[in-house]
Amino acid sequence: MNQKEVNKKNTEQAAKKDPQEPSAAGLNRIKKVIAVMSGKGGVGKSTVTGLLAVSLKRQGYSVGIMDADITGPSIPRMFGVNKRPENIGFGLMPAESSTGIRIMSLNLLLENEDDPVIWRGPLIGNAIQQFWNDVVWGDLDYLLVDLPPGTSDAPLTVMQSLPLDGIIVVSSPQELVGMVVKKAVKMANMMNLSVIGLVENYSYTICPKCGEKMEIFGKSRGEEGAKEAKVPYLGSLPIDHKLAKFCDEGRIEEYESSETKGMNSWVN
Ligand code: ADP
């Protein structure tokens, strides 16, 4: 039995806890579960997860985001949601953004969103299982999972706790992108998953005065790294102060750019 089958079986068992009682896992119909990972923190993984969700939603899909970046959850803030998820007895209702993206994050459950979360592998695994089994996601075309940063134990624990369909990798020009993508491919292979593609963030910026394209973090290597690792290249995102501002203000859903549209070329 591969990892996906093991996870599906666990979900089915959770759904049958008490045959008389409805269960969240038993009611959820989620077509595709896609994890977003990065080689290290700060490359814009959560921002790309948010932009992917916004773009899918604009295409007419029903979308959820599971914020599995347990120790640095940032999804609620960029969507401007802070309502505590309601407990409806057999599960928790995810928060909903202004355009209807369903969001579950540990930040929404903490008393104070600035509280630090210091958890190790097993606890992270338990929280993620609960985000899967006990959240009333309902019918979703896509559930995007914002993984903890890096390619170590924490993202692997999350990946093994969920029935994933694929992985999207986010990198920046400051990294050895070939190595990051190869590691991601190895992790994906361990779980019989495919890497859907690579997005490079911070690739360039446009001078607001003269319009010149500047590669301030060095030459973009995303396309080259993706080719080397034989994974699709989904595109490059510029450093855009408007994007940073919109994320800070909880208005990511209002951000428009032609570059983000291309990131969904894998959707069929
Ligand atoms: P990660 O999830 O990889 O740790 P985040 O997505 O939280 O990184 O991004 C870190 C910070 O950088 C956030 O404040 C975010 O708004 C900002 N940021 C990310 N991508 C861009 C971009 N392309 N242009 C401008 N700011 C960005």
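The values are calculated or read from the model by the stated rules, or taken from the named source; none is laboratory data. As the structure is a computational prediction, the values presented were derived from the model and not from experiment. A quick note on method: Cβ atoms are made from the backbone with ideal geometry, for glycine too, and the neighbour counts reach across all protein chains shown. Keep in mind that these areas ignore ligands, DNA and RNA; they rest on the heavy atoms of the full protein, side chains included. Shrake-Rupley method; radii C 1.70, N 1.55, O 1.52, S 1.80 Å.
Which one of these is away from the ligand (no atom under 15 Å from the Cβ), at pLDDT below 85, in contact with a Pro (Cβ under 9 Å, 6 or more places away or on another chain) and not hydroxyl-bearing (Ser, Thr, Tyr): Leu176, Leu92, Leu109? Talk me through it step by step, then tell me what you get.
Values: Leu176 fails: in contact with a Pro (Cβ under 9 Å, 6 or more places away or on another chain); Leu92 fails: at pLDDT below 85.
Result of the check over Leu176, Leu92, Leu109: Leu109.
Being more than 16 Å from the ligand (Cβ to nearest atom), assigned to a loop (DSSP other than H, G, I, E, B) and at pLDDT below 75 is the filter here, so list the residues in segment 112-138 that pass it.
Hits for segment 112-138 are Asn112, Asp115, Ile118, Trp119, Arg120.
Does Glu228 meet the test of being open to solvent by 20 Å² or more (accessible area, probe 1.4 Å), more than 22 Å from Ile65 (Cβ to Cβ), in contact with a helix residue (DSSP H, G or I) (Cβ under 6 Å, 6 or more places away or on another chain) and among the charged types (D, E, K, R)?
It is true that Glu228 is open to solvent by 20 Å² or more (accessible area, probe 1.4 Å), more than 22 Å from Ile65 (Cβ to Cβ), in contact with a helix residue (DSSP H, G or I) (Cβ under 6 Å, 6 or more places away or on another chain) and among the charged types (D, E, K, R).
Under 9 Å between Cβ atoms, which residue pairs at least 6 apart in sequence (or on different chains) link something in segment 66-80 that is closer than 19 Å to Leu243 by Cα with a partner that is near the ligand (Cβ under 10 Å from one of its atoms) and hydrophobic (A, V, I, L, M, F, W, C)?
If the second residue must be near the ligand (Cβ under 10 Å from one of its atoms) and hydrophobic (A, V, I, L, M, F, W, C), the pairs left are Ser74/Cys247; Arg77/Cys247; Met78/Phe246; Met78/Cys247; Met78/Ile252; Phe79/Ile252; Gly80/Ile252.
Looking only at segment 191-199, decide whether some residue is part of a loop (DSSP other than H, G, I, E, B) and touching a Ser or Thr at 6+ places or on another chain (Cβ under 9 Å).
If we filter segment 191-199 for residues that are part of a loop (DSSP other than H, G, I, E, B), which is where we start, we get 191-193.
Still in the running and touching a Ser or Thr at 6+ places or on another chain (Cβ under 9 Å): none.
Looking through segment 191-199, none of the residues is part of a loop (DSSP other than H, G, I, E, B) and touching a Ser or Thr at 6+ places or on another chain (Cβ under 9 Å).
Given (1) over 14 Å from Pro173 (Cβ atoms); (2) modelled with pLDDT of 90 or more; (3) within 15 Å of the ligand (Cβ to nearest atom); (4) buried (at least 17 other Cβ atoms within 10 Å of the Cβ), where does Thr260 come up short, assuming only one miss?
For Thr260, the exception is condition (2).
Say whether the condition of being in contact with a Pro (Cβ under 9 Å, 6 or more places away or on another chain), in contact (Cβ under 8 Å) with a residue 40 or more places away in the chain and under 22 Å from Glu256 (Cβ atoms) is met by at least one residue in segment 203-215.
no
Working only within segment 186-221, note down all residues that are open to solvent by less than 60 Å² (accessible area, probe 1.4 Å) and within 17 Å of the chain's Cα centre (by Cα).
Met187, Ala188, Leu193, Val195, Ile196, Gly197, Leu198, Val199, Glu200, Asn201
Can you run down the residue pairs with Cβ atoms below 6 Å, 6 or more apart or on separate chains, where the first is in segment 240-263 and more than 18 Å from Ser74 (Cβ to Cβ) and the partner is within 8 Å of the ligand (Cβ to nearest atom) and open to solvent by less than 20 Å² (accessible area, probe 1.4 Å)?
Glu259/Leu237
Output the residue which, of all residues in segment 209-256 that are among the small types (Gly, Ala, Ser), at pLDDT below 95 and part of a helix (DSSP H, G or I), is farthest from the ligand (Cβ to nearest atom).
Looking at residues that are among the small types (Gly, Ala, Ser), at pLDDT below 95 and part of a helix (DSSP H, G or I), I get Ala229.
Is it fair to say Ser46 is closer than 26 Å to Gly150 by Cβ and either of a type in the set (Ser, Thr, Tyr) or at pLDDT 90 or above (or both)? Outline the logic, then answer.
Numbers: closer than 26 Å to Gly150 by Cβ: yes; either of a type in the set (Ser, Thr, Tyr) or at pLDDT 90 or above (or both): yes.
Spelling it out, Ser46 is indeed closer than 26 Å to Gly150 by Cβ and either of a type in the set (Ser, Thr, Tyr) or at pLDDT 90 or above (or both).
Could you look through segment 139-156, keep only residues that are open to solvent by 20 Å² or more (accessible area, probe 1.4 Å) and not aliphatic (A, V, I, L, M), and pick out the one that is nearest to the ligand (Cβ to nearest atom)?
Taking segment 139-156 as the starting set, the residues that turn out to be open to solvent by 20 Å² or more (accessible area, probe 1.4 Å) are 139, 141, 149, 151-154, 156.
Subset that is not aliphatic (A, V, I, L, M): 139, 141, 149, 151-153.
Details: Asp139: 27, Asp141: 23, Pro149: 6, Thr151: 13, Ser152: 15, Asp153: 17 Å.
Restricting to residues being open to solvent by 20 Å² or more (accessible area, probe 1.4 Å) and not aliphatic (A, V, I, L, M), the top hit is Pro149.
I'm trying to understand the selection: among the residues of segment 160-173, which are surrounded by fewer than 24 Cβ atoms within 10 Å (Cβ to Cβ) and within 16 Å of the ligand (Cβ to nearest atom)?
Of everything in segment 160-173, just one residue is surrounded by fewer than 24 Cβ atoms within 10 Å (Cβ to Cβ) and within 16 Å of the ligand (Cβ to nearest atom), namely Pro173.
In segment 45-84, how many are small (Gly, Ala, Ser), open to solvent by 10 Å² or more (accessible area, probe 1.4 Å) and within 12 Å of the ligand (Cβ to nearest atom)?
3
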